[in-house]
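Asker: What follows is a single structure, and I will ask about it in a moment.
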Amino acid sequence: MSAFTGSVMVVRPPVDEVIPLAVTERILDSCPPGAQDVVLEGATHEIYRWLEDRPRQRRDMAKRMAQLLS
């Protein structure tokens, strides 16, 4: 991933019950400079389900993603 020149956003919970932190850290370390690390406090591994019941956080993520893609 270090050769990738586009925009990167890693969206994750503070503690992932499926993906070990060491794996997440390796992913983040391999990202290009400027990659965004978005930690959603209170989220679980199933972020999409967590966001379903949280309209404010869902809108925030949509804005962040739109900014990343523009």
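Read the figures in this text as sums done on the coordinates, not as results from a lab. Predicted model, so just to flag it, every value in this text is computed and none were measured. Here the Cβ is made from the backbone with ideal geometry for all residues, glycine too, and neighbour counts use every protein chain on show.
Asker: Contour minus end-to-end for Asp60 and Asp29, with contour as 0.36 nm per residue of separation and end-to-end as the Cα-Cα distance?
Answerer: Length difference between fully extended and current span is 8.7 nm.
Asker: Taking the Cα centre of region 9-69 as origin and charging only Cβ (+1 Lys, Arg; -1 Asp, Glu), how large is the dipole, in debye to the nearest 20?
Answerer: Dipole size: approximately 360 debye.
Asker: While we're looking at this one, here's another question. Among residues other than His45 whose Cβ falls under 15 Å from its Cβ, what is the net charge (Lys/Arg +1, Asp/Glu -1)?
Answerer: After counting each charged neighbour, the total is -3.
Asker: Let me ask you something else. Cβ under 14 Å from Val18's Cβ, Val18 left aside: what net charge do those residues give with Lys, Arg +1 and Asp, Glu -1?
Answerer: -1
Asker: Set the Förster radius R0 to 30 Å, insert the Cβ-Cβ distance between Leu21 and Tyr48 as r into 1/(1 + (r/R0)^6), and round the FRET efficiency to 0.05.
Answerer: Efficiency computed from Cβ-Cβ geometry: 0.90.
Asker: Grab the other residues whose beta carbon is less than 14 angstrom from that of Arg56, score K and R as +1, D and E as -1, and report the net.
Answerer: Within the 14 Å Cβ shell, the charges total +1.
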